[in-house]
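Colleague: For reference, the structure I am asking about is given below.
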Amino acid sequence: MSTKTDSKPHQWLAWTGTAILLIAATMASFNLYPWYSYAFTLANTLWVIVGILWKERSLIVLNAGLTLIYIIGLIQNFIAQ
């Protein structure tokens with residue numbers, strides 16, 4: 001019995017976003033602010049692009065929301081300084 005799995009296109013972009021996301025989480029665990037916020041913003045932006053390319057609304061909504069949250073946090077911190 002043979003099983004065929006369909007590979008989604010743009011896997012390299014998804015894996016790049018995943019790698020940056022893991023790096024961002026590691027940076028956050030060591031409290032490397034604001035660098036982890038920039039890394040999370042980049043990773044989630046990549047995942048928004050992947051979501052658009054894959055036509056996956058859940059990926060788009062989740063990652064666009066997270067991107068917006070990180071950008072608002074960075075702006076708020078910039079204003080507070």
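Colleague: If the chain between SER29 and ASN77 were fully stretched, how many nm would it gain, using 0.36 nm times the residue separation less the Cα-Cα distance?
Modeller: Taking 0.36 nm per residue and subtracting the Cα distance, the gain is 15.4 nm.
Colleague: Here's something else I'd like to know. Which label belongs to the value computed from this structure, given these candidates for Kirkwood radius over Cα pairs in Å: [x] 13.0; [y] 13.7; [z] 14.9?
Modeller: [y]
Colleague: Which length gain, in nm to one decimal place, applies between LEU22 and ILE69 when the Cα-Cα distance is subtracted from 0.36 nm times their residue separation?
Modeller: So the chain would gain 15.1 nm between LEU22 and ILE69.
Colleague: Work through the residues other than GLY65 whose Cβ is under 15 Å from its Cβ and net out their charges, Lys, Arg +1 and Asp, Glu -1.
Modeller: 0
Coordinate-derived values only; no laboratory data. Keep in mind that what you see is a predicted model, and the values were worked out from it rather than measured. Cβ atoms come from the backbone with ideal geometry, glycine included; neighbour counts cover every protein chain shown.
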